[in-house]
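First up is the structure itself, then whatever we jot down about it.
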Amino acid sequence: MVITSKITLQTRGNADTHDITDAVARALDESGMMAGTVTIFCPGSTSGITTIEFEEGAVADLQRVFDEIVPPSREYQHNERWGDGNGHSHVRAALLGPSLSVPFFGRRMTLGTWQQVIFVDFDNRPRDREIIVQIVGD
């Protein structure tokens, strides 16, 4: 069986990070499936999904690393072409990736004790975001 649902978020941009673990867990519980795989996907090219220990320090460290390796102030050909100033957002999103798949059984994701699913909006402005949750299983 396959069930698809959505999570909606309002974000501030600039590496705004959201813990979406509970929302994914609710979708999984509502599916009624006992075992399978849940895939979380963000349409768009300026945001990404991964796992982390969602606490202030780890989130700040992740944001700092992105500032160091993909600084907003660098010249980006995307900005030259489109003039929207979010070239760094596209590069950051490409590095993080748009999706994550997590196995589940007993209606629970097999995440580690300190592991949460996060959504990071790298764009340079607030956005209304939609995240797709697709559950495949029995």
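None of the figures in this text is laboratory data; all of them are computed from the coordinates on show. Quantities reported herein were computed from a predicted structural model and do not represent experimental measurements. Glycine also receives a Cβ, built like all others from the backbone with ideal geometry; neighbour counts cover every protein chain displayed.
Quick notes on this structure:
- Available extension along the chain between S101 and N124 is 5.6 nm, counting 0.36 nm per residue and deducting the alpha carbon span.
- Between 0 and 90°, nearest 10: helix 56-69 axis offset from the chain longest Cα axis: 40 degrees
- Cα centroid separation, the range 67-138 to the range 1-48 (Å): 12 Å
- Spin-label model, N79 to W114: label points 7 Å out along the Cα-to-beta-carbon direction sit 3.5 nm apart.
- Computed over the range 39-79, the percent of Cα pairs more than 11 Å apart is 74.
- Computed packing ranks the peptides 95-107, 27-39 as 27-39, 95-107, most packed first, by mean other Cβ atoms within 10 Å.
- Label point 7 Å beyond Cα of M1 along Cβ direction - residues of the range 99-130 with amide nitrogen under 15 Å: 105-108
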